[in-house]
Structure formats: C-alpha cells, structure tokens
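Asker: Sending over a structure as structure tokens; questions will come in a sec.
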C-alpha cells in the first residue's frame, strides 16, 4: 500500500508500534495515545505525526483502532464521528462482534481483524483473522498482511467469537479452574514434584505460563467476547454431568468413547509422544 | 533378592508380566490370571508355575497383587486367608488406602506400592511410591527397585491418595470436562485448526492422548481413590466461583495474582518457551 494517511488510535501501545513500524514505508503515520504527551514521545523518534485520537482520524485514509479490549468500543464511539465515510476503519481486537458493530456506524469501509500473535514476533506465518464487513478498501490490509507472509483466514465476527470462545475462552477458564483447585488442595510444590508426571508438569507449566502474564488481557477476553459466558456455563454443566456419569462404568465408557470422536486421536498420540520424548531428553536436563 | 517364592496374582497382565520378567532371576515365580488356562499360557514360555490365585499364594514368601484397580480389594480378600502371616503382601495399584487397609488383615508384612509408569518402559528413573505399612520385609522390594535404578518415594497411603487426586484425578477430570465442552460446541476440527494456537493444540492433544487409552483405567482411578470425589466437587465449586469473580476486574486481578503464587512462574515460562519452540520447529513440520 502506498501514499495512505494512516491514523493508529492507540499507536503508543506495543501492537500499535509494531503496526506503525511496518506501515511507515511509503505511508504517512499519525498516532494517538492515552495522552498527547505520550503520543509525542513515541511518534517523534519515528518521525510520525501525533495528536488526540479524535483529531488524528480527521482526513485519514485508514484508521486502525489498537487499544485494550476493555475500551475498544468506547474509543470507536469517541473517534468515529470524525472518521471520513470513505476511510477504511479497522481494529485489531481479540473479540470481533462488538467492535465491528460499533465501527459500522461510522464508515462505509469497515474491517475487523484479529492478528493472533504477540507484537514481539514477526508477522511471517502468523494467523490473522479477517472480518471484512463493509466496502472494498479492506483489500489494502489484505495486501499488507500478505506482503509480510501472514496466514489469512476470512470469516464473520460471530463465527470468530464462537471459535475463540473455545480456543481462548475455554482454555483459559479451564486453566484457571485447575489452578484454583490445585491451590485449594494446599499441597506444596515439593510434594507435587514427588508425584508429578511429565504430562502433569507440562499442563501445570502451561497454566503457570498464563498466570505469568497480565490478568487484564485474560479478564478482558472473558468479559468482552459475548460467546464466552456460555462456555463458562458449559464448564460448570459438563463438570456436574461428568460427576454423575463417572460413577457408572458402562455410561462412562460410552461417554469416553464419544468424546474421543471429536479429536484426532492418532495424530495427537504421535505429536504428544514427540513432546514427551523431548521433555525427558531436553527440558529436564537443565 | 534371592531364593524367594514369589506369587504374582494377576501375573498374566502387562504389569504382572513386566514384574515377573524382572524378578525371575534367582527367584521362583508362580502366577495366576483370570483363569488357570490363561495363567498356563503365559507361565509356560517363561518356565513359571501357575494356578488359581488362592492356591499360588500358599507358601509364597512374597505375594504381589497386580490386578485392575476395580477388583483389587476383592482379590485381596479372596487370596488373603491363604497368605502366610510372615509373607510380604504387596500390591501395585494406582490407589493406596483401600488396598493397604485390606492387605493389613492378612499378613504381618504389608507394603503398598504405586509404580508410576507403564510396563512397556524400563524401570530406570521411574517414580515408585512406597507405603510400607507393617513389618520389615518390604526392604526386599526396596532393594529390587533400587537395583533397577528407580526413584523411590516413601509416604503413607492417605498422603499418596491425596497427591494423586490432584496429579491424576484433577488432571484427567479437567481434560474430560474440556473435551466435553469442545464436543458440545460443535465446531469442526477444521474450524478449530483455523484458530488454533500452539498451546491450544498441545492441550487438546494431551486430552486426546488420554481419550486414546482405555476408559476403564481413568474411570477406576476416579472411583477408587477416595480423595477424588472431593476434587471433582472442587472443580464444580471453583468454576462457579470463578464465573462470578471474572465479572469484577479488580477481584479478578487479585485472584489471578493469588493463583500465580502456587506455581513456579519463571521456571514454567522458561520450560514452556522451549516446548513451544520445539513445537514450531519440529512437530509442525510433519
């Protein structure tokens, strides 16, 4: 893409910076942040313009909303009235229904995006979910991602939120529940280590990996993806149901087999064999 | 250990065979199975004796109960009256309180064991939980495991069952709940793959790995470890509690931080970085 005036609302954040640095060649970048001071600080070393969100979007060809999930919809409503009807209005939030609904009120060109990677990584090979909702100008972002070797997946906001309610929502919630039960058991880490298997160690390590990040991100995904509340309810329902099923050997065997039908059992066995082999040869040696 | 007459009740099973093959040098082995025919079939190629459980234990110096969890206590009561008071009576079941209680009725020499590995592996480096309950003769089994390079951990049956209620019980139950919610979501494997992250793939693969085994083992552990019912209840309670906590940003952040205190966050981050690196370089290439 060339000669576009690109306003990155939230351009002082890590993802905003990451985008600005990859878009600045041949385009004019202007960013906003939590304050004009902050924006100036980050913009000047790059030679970018800066200002308040509702100012920088005026006259921009492309507006990218790159702010925390919790404030995304509010920010869209704040800057939206100043976005030109013909400007491409897009966002990079991890949930899609609410931001896209909000953006549709302010432009004829709307694209919801969910880049599924951390801004510290390169774009090559990363999954980007694309929800083009209005107009045709979204293809300039398609070109941008493709130039950088991303793996694009086109869908609608509802399907996105439904799938991520499992891939992110269920996964994080299950890990939190597991962590809470372990904590309540009051068994010491040493005691656990005595009984730990490679798989137990790996699953608790993945849980601890999440707990080593910021609570805000995980709380926001749970609360701002409208599909996840149902998933949390399903966790409670399934746990209650399985508590009963497990008491009856025959019913349990049937259930166990049924559950297996939703997974690639042989592929999983082969892949996890390799991981376990790797764990016993490598990680434990340290 | 030398010149012992060792009766392996359930010696036709995989673990019984594994033990027999490692104990036969310098000792006399005699096994029983679900039928005398079965026992004969497995015993003859090895040159072992065979017979019904309650017959082979007569006059044995060591009796090892190696039958499925679900029938362990019944089998102990069946053969127990024929076990000599001075014989070492031991088992290899994954739960310890009930089998050890039962064995104590029949001998002055009682040892509960939980070898935490599959019989297809070598003993070297494997964790063996040892619960010596009566007498001193259990040291012959200690020597046996040590000769083979096992990693022994001494404890009491209640502590064992409490720890494994988390390491095995919670882990398996959580995986079952996750699998059930994924199945109910009716998202196709293809759809999931579009959104899958390396960590999601790994956790669902570990779940599928369990679902690729026999239901009986997992059902038995859930039902025969008396501590696991509480764990299943805790899963339901924690999930319900977290559903509420998650709605309040401040409360959630507090909870998230608290949960992190129970884990080795930095170690987990380092270990999982390596696993994720391995996954992206190796497993995905196939």
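The values are calculated or read from the model by the stated rules, or taken from the named source; none is laboratory data. A quick note: this is a predicted structure, and the numbers were derived from the prediction, not measured. Quick reminder, even Gly has a Cβ in these numbers, built from the backbone with ideal geometry, and neighbours come from all protein chains shown.
Asker: Of the conditions (1) away from chain A (no Cβ under 14 Å); (2) in contact with a helix residue (DSSP H, G or I) (Cβ under 8 Å, 6 or more places away or on another chain); (3) free of Cβ contacts under 8 Å to residues at least 60 places away in the same chain, residue B:136 satisfies every one except a single condition; which number is it?
Answerer: All conditions pass for residue B:136, except number (2).
Asker: For segment B:1-42, which residues satisfy the criterion of being part of a helix (DSSP H, G or I) and farther than 21 Å from residue B:118 by Cα?
Answerer: Looking only at segment B:1-42, we keep the residues that are part of a helix (DSSP H, G or I), and these are B:14-23, B:36-42.
Within segment B:1-42, B:36, B:37, B:38, B:39, B:40, B:41 qualify.
Asker: Hey, could you check segment B:146-159 for residues that are more than 13 Å from chain A (Cβ to nearest Cβ) and without any contact (Cβ under 8 Å) to a residue 60 or more places away in the chain and say which is surrounded by the most Cβ atoms within 10 Å (Cβ to Cβ)? If you could, list the steps in order and put the result at the bottom.
Answerer: Quick first cut of segment B:146-159, residues more than 13 Å from chain A (Cβ to nearest Cβ) only: B:146-150, B:157.
Checking which are without any contact (Cβ under 8 Å) to a residue 60 or more places away in the chain leaves us with B:146-147, B:149-150.
Values: B:146: 14, B:147: 11, B:149: 11, B:150: 21.
Among them, the one singled out is B:150.
Asker: Could you tell me whether residue B:9 is surrounded by 22 or more Cβ atoms within 10 Å (Cβ to Cβ), closer than 22 Å to residue B:142 by Cα and over 23 Å from the mean Cα position of the chain (by Cα)? Spell out how you get there, then give the answer.
Answerer: Values: surrounded by 22 or more Cβ atoms within 10 Å (Cβ to Cβ): yes; closer than 22 Å to residue B:142 by Cα: yes; over 23 Å from the mean Cα position of the chain (by Cα): no.
No; evaluated as a whole, the condition is false for this residue.
Asker: Now, a different point. Taking segment A:248-286, which residues are over 30 Å from residue B:125 (Cβ atoms) and in contact (Cβ under 8 Å) with a residue 12 or more places away in the chain?
Answerer: A:255
Asker: Are any of the residues in segment A:238-247 within 7 Å of another protein chain (Cβ to nearest Cβ) and in contact (Cβ under 8 Å) with a residue 40 or more places away in the chain?
Answerer: no
Asker: Suppose the filter is part of a helix (DSSP H, G or I), assigned by TED's automatic domain parsing to the domain that holds residue B:163, under 19 Å from the mean Cα position of the chain (by Cα) and more than 16 Å from residue A:172 (Cβ to Cβ); does residue B:233 pass it?
Answerer: On the way: part of a helix (DSSP H, G or I): yes; assigned by TED's automatic domain parsing to the domain that holds residue B:163: yes; under 19 Å from the mean Cα position of the chain (by Cα): no; more than 16 Å from residue A:172 (Cβ to Cβ): yes.
It is false that residue B:233 is part of a helix (DSSP H, G or I), assigned by TED's automatic domain parsing to the domain that holds residue B:163, under 19 Å from the mean Cα position of the chain (by Cα) and more than 16 Å from residue A:172 (Cβ to Cβ).
Rundown of residues vs (1) at positive phi; (2) part of a helix (DSSP H, G or I); (3) more than 10 Å from every other protein chain (Cβ to nearest Cβ); (4) in contact with a helix residue (DSSP H, G or I) (Cβ under 8 Å, 6 or more places away or on another chain), yes/no style:
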| site | (1), (2), (3), (4) |
| --- | --- |
| B:130 | no, no, yes, yes |
| B:144 | no, yes, yes, yes |
| B:161 | no, yes, yes, yes |
| B:170 | no, yes, no, yes |
| B:174 | no, yes, no, yes |
| B:179 | no, yes, no, yes |
| B:187 | no, no, no, yes |
| B:191 | no, yes, no, yes |
| B:199 | no, yes, no, yes |
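Asker: Yes or no: residue B:118 crowded, with 18+ Cβ neighbours inside 10 Å, closer than 19 Å to residue A:280 by Cβ and not assigned by TED's automatic domain parsing to the domain that holds residue B:232? Lay out the reasoning, then the answer.
Answerer: Details: crowded, with 18+ Cβ neighbours inside 10 Å: no; closer than 19 Å to residue A:280 by Cβ: yes; not assigned by TED's automatic domain parsing to the domain that holds residue B:232: yes.
For residue B:118, the condition - crowded, with 18+ Cβ neighbours inside 10 Å, closer than 19 Å to residue A:280 by Cβ and not assigned by TED's automatic domain parsing to the domain that holds residue B:232 - is not met.
Asker: In segment A:201-217, what count of residues is obtained for those that are more than 27 Å from residue B:209 (Cα to Cα) and either in a helix (DSSP H, G or I) or assigned by TED's automatic domain parsing to the domain that holds residue A:95 (or both)? Lay out the reasoning, then the answer.
Answerer: The initial filter retains those residues of segment A:201-217 that are more than 27 Å from residue B:209 (Cα to Cα), namely A:213-217.
Narrowing the set further to residues that are either in a helix (DSSP H, G or I) or assigned by TED's automatic domain parsing to the domain that holds residue A:95 (or both) leaves A:215-217.
Of the residues in that region, 3 qualify.
Asker: Here's another thing I want to ask about it. With the requirement that a residue be modelled with pLDDT of 95 or more and part of a loop (DSSP other than H, G, I, E, B), what does segment A:96-122 give you?
Answerer: First, the residues of segment A:96-122 that are modelled with pLDDT of 95 or more: A:96-115.
Answer for segment A:96-122, where residues must be modelled with pLDDT of 95 or more and part of a loop (DSSP other than H, G, I, E, B): A:96, A:104, A:105, A:106, A:107, A:108.
Asker: Here are some residues: A:65, A:123. Which one is in contact (Cβ under 8 Å) with a residue 40 or more places away in the chain, under 26 Å from residue A:155 (Cβ atoms) and surrounded by 24 or more Cβ atoms within 10 Å (Cβ to Cβ)? Don't jump to the end; show me each part of the working.
Answerer: Numbers: A:123 fails: surrounded by 24 or more Cβ atoms within 10 Å (Cβ to Cβ).
Result of the check over A:65, A:123: A:65.
Asker: State all residues of segment A:48-86 that are closer than 17 Å to residue A:113 by Cβ and more than 25 Å from the chain's Cα centre (by Cα); if no residue qualifies, say none.
Answerer: Those that are closer than 17 Å to residue A:113 by Cβ and more than 25 Å from the chain's Cα centre (by Cα): A:60, A:61, A:83.
Asker: Right, something else. Among the residues of segment A:258-271, what is the count of those that are at the interface with another protein chain (Cβ under 7 Å from one of its Cβ atoms) and over 25 Å from the mean Cα position of the chain (by Cα)?
Answerer: 4
Asker: Another one. Report every pair of residues separated by at least 6 positions or lying on different chains whose Cβ atoms are under 6 Å apart, first residue within segment B:215-234 and at the interface with another protein chain (Cβ under 7 Å from one of its Cβ atoms), second in a helix (DSSP H, G or I) and surrounded by 23 or more Cβ atoms within 10 Å (Cβ to Cβ).
Answerer: As it stands, the answer is B:222/B:228; B:231/B:165; B:231/B:169; B:231/B:170; B:232/B:173; B:234/A:181, since those pairs meet every condition given.
Asker: Of B:146, B:133, B:191, which residue is out of contact with any strand residue (DSSP E or B) (no Cβ under 6 Å at 6 or more places or on another chain) and at pLDDT 95 or above?
Answerer: Values: B:133 fails: out of contact with any strand residue (DSSP E or B) (no Cβ under 6 Å at 6 or more places or on another chain); B:191 fails: at pLDDT 95 or above.
None of the other options fit; the residue is B:146.
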